[in-house]
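Report on the structure given below.
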Amino acid sequence: MANDNGKLRVAAIGDLHVREDETAPFRELFAEIGNVADVLVLCGDLTNFGKTSEAKILAEDVKSSTIPVIGVLGNHDYECGQPEKVCEILHEAGMTILDEQAIEIEGVGFAGVKGFVGGFGRGELAPFGEPEIKAFVDIAQNEARKLENALRTLRTERSVAILHYSPVQDTLVGEPIEIFQYLGSQRLADSIDRFDHVKAVVHGHAHHGTYEGRTPRGTPVYNVARFVLEPLFGRRYVVLEV
Ligand SMILES: [Fe+2]
Ligand SMILES: [Fe+2]
């Protein structure tokens, strides 16, 4: 249900990194969020190693959420080579994992992909030379293409783009500059900037990055990795009004 001002309250957290030795690690937090937000967005690295045991622990907490839970996977959710199983467990718990399809909640659109590495500006890796380099770049291009296609299907005036990897460098500040190209891809921002309806972008992955930035066309970007939010706000989530 939208707020009095007609805005949707979107809570976001990235980098949950649920481990198999934890018990209901997000149960209380999700209950708290259910009182202050209309939708909960999870920005990847939902599990620590992509184990089914970890996904099942998070699934129990997802089941307890009183508001819709949507999100994307992160690179850690791929570590055991079974991201589809992680998706399935969370899907059965009621979470919507976005990849190629966008959804609409209370008049606000949500499109999301994990994203990929690849760099920014002059540091962006180009699809030139060896087939291995081309295959690598193709993954980054494909993530950006999926995001663009999903955003194009939305007919809402307001939408949120959900990512794990960063689309901009602004929110990476605080991480070593040498690894910026492994923390995101400018191609994601290029896709976002084709649409006026994207009002906010949320991502995770850069645990030591900066909370706020903008795409080249000025769309706000928020790094909601919980390790960034906790020292800044004293809590592990933010609520954006969209
Ligand atoms: Fe992470
Ligand atoms: Fe990550």
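For the stretch 13-127, the C-alpha radius of gyration sits at 1.11 times the compact-globule guess of 2.2 N^0.38 Å, with N the residue count. Sequence-distant contacts, meaning Cα pairs under 8 Å at least 6 residues apart, place the relative contact order of the chain at 21 percent. Each Lys and Arg Cβ is given +1 and each Asp and Glu Cβ -1; about its Cα centre, the chain then shows a dipole of about 520 debye.
Considering all C-alpha pairs of the stretch 165-242, those separated by over 20 Å amount to 27%. Rounded to the nearest 500, the 222 nm mean residue ellipticity of the chain from helices alone is -9000 deg cm²/dmol, with -39,500 (n - 2.57) taken per DSSP H run of at least 4 residues.
In the chain, the DSSP beta bridges split such that about 25 percent are antiparallel, to the nearest 5. About its Cα centre, the stretch 1-51 has a charge dipole of approximately 160 debye under the convention of +1 per Lys or Arg Cβ and -1 per Asp or Glu Cβ, with nothing else charged.
If you take all other residues with their beta carbon under 13 Å from the beta carbon of Val72, and give Lys and Arg +1 and Asp and Glu -1, the sum is -4. Computed over Cα pairs, the Kirkwood radius of the chain leads via Stokes-Einstein (1.567 mPa s, 4 °C) to a diffusion coefficient of 73 µm² per second.
Using a probe radius of 1.4 angstrom, the carbon and sulfur fraction of the accessible surface of the stretch 95-209 is 50%. When Rg and Dmax are taken over the Cα atoms of the stretch 166-205, they come to 10.9, 33 Å.
Measuring nothing but how far apart in sequence close Cα pairs (under 8 Å, 6+ apart) lie, relative to its length, the stretch 1-140 scores a relative contact order of 20 percent.
Counting only residues at least eight positions apart within a chain, or on another chain, the lysines with an alpha carbon under 29 Å from that of Lys7 are Lys63, Lys114, Lys146, Lys199.
In the context of the full set of protein chains, the chain has a per residue accessible area of 45 Å² (1.4 Å probe).
For the stretch 100-222, what class follows from the C-alpha gyration tensor (a ≥ b ≥ c being the square roots of its eigenvalues): rounded when a/c is under 1.5, otherwise prolate if a/b is larger than b/c, else oblate? Oblate shape, in that a/c is at least 1.5 and b/c is the bigger or equal ratio. If R0 equals 45 Å, the separation of the Cβ atoms of Asn142 and Asp4 corresponds to a calculated FRET efficiency of about 0.65. Pairs of Cα atoms nearer than 8 Å and 6+ residues apart set the relative contact order; for the stretch 141-235 it is 31 percent. Multiplying the residue separation of Arg152 and Ala126 by 0.36 nm and removing their Cα-Cα distance gives an extension gain of 6.8 nm.
Starting from the Cα gyration tensor of the stretch 64-162, take the square roots of the eigenvalues, sort them a ≥ b ≥ c, and report rounded, prolate or oblate (rounded when a/c is under 1.5, otherwise prolate if a/b is larger than b/c, else oblate). The shape class here is oblate.
The values are calculated or read from the model by the stated rules, or taken from the named source; none is laboratory data. Just so we're clear, the structure is a prediction, and the values are computed from it rather than from any experiment. Cβ coordinates were reconstructed from backbone atoms using ideal geometry, including for glycine residues, and neighbour counts include every protein chain displayed. Areas reflect the complete protein model, heavy atoms only, side chains present, ligands, DNA and RNA absent. Shrake-Rupley method; radii C 1.70, N 1.55, O 1.52, S 1.80 Å.
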